[in-house]
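Read the figures in this text as sums done on the coordinates, not as results from a lab. Keep in mind that this is a model prediction, so the values were computed, not measured. Virtual Cβ from ideal backbone geometry, glycine too; neighbours counted across all protein chains shown.
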Amino acid sequence: MTAGSRQPDHSSHSVTALRVPGLTASMPGQTLAPAPGGEGGARAARSGGVVGVAGAVAGEAPSAANGGGAPGRAGPGGAAPTDVVAQPEAVDWLKATENGNGGPPMARPRAAAGALFFDEEGRVLLVEPSYKPGWDIPGGFIEPGESPYAACVREVEEEIGIVPPIGPLLVVDWASDGRVGDMLLFVFDGGLLPTAWRDRIRLDMNEIINCAFTPLSEVGEVLPVLHARRVRAAAGLRGQHHGAGYLEHGYLVPAESPPTAGPVGPPASARSGAADSRPNGG
């Protein structure tokens, strides 16, 4: 996913790919064509924002203002229906919590979404952002009021210029540390990206400057450790029919083969400083 602080970084990495401004990059055997332009800077600025994800539902109770009735509307059996309103004490509690004046603490994780696309050889599509070192999968931060799936579709179009069909959720990964806080990363299955779609990939050469299909065995060479672990875990769940996997710091939880003693999930060393402000669903 492509989100976070956008500081240009044009250093070379272990994945070799073509870089031609305004053209597609590193798609074997495809015809290069001019990229649509004009919105790269705006997209980078929008994707760079860090979005706090939070929400709460106020309690509901009958209204006492009109005796529980609503003029002009009949309920079951001809009885006047009951108005549903938020309880005043619930509203006050939410306000107090929001202002930090009381109530239990509530997590407000940042959230991001991205997709895994594959070619016929089983390689996964990675993109190279201009604003940070290393590579990532297509994706980015979720905007306020936007669903993870909608964010994934939007970010894929913004970053590689296509809107291919995107399949179900593969994993949701929770990660946290004292530096970047809590994060939720949603990774969807983009499936096989046929040649017809690959030929239409266009990079704006502003936010994303390169892309390449990379063997899963080599993603650890170009992705941060946590990202590589998440990508491999998500790829391993493709084609299975027991629903999406839940990860913590890239580890499947509960583990398929839990140890006989000790907690299930990532080791303590993985929890310390493992969250990365550059999500890949993210």
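In this structure the amide hydrogen of residue 131, modeled in the peptide plane, comes within under 5 Å of the amide hydrogens of 9, none closer than 5 places in sequence on its chain. The packing ranking, built from the mean of other Cβ atoms within 10 Å per residue, places the peptides 149-159, 207-217 in the order 149-159, 207-217, highest first. In terms of surrounding Cβ atoms within a 10 Å radius of their Cβ, 205, 183, 106 rank from fewest to most as 106, 205, 183.
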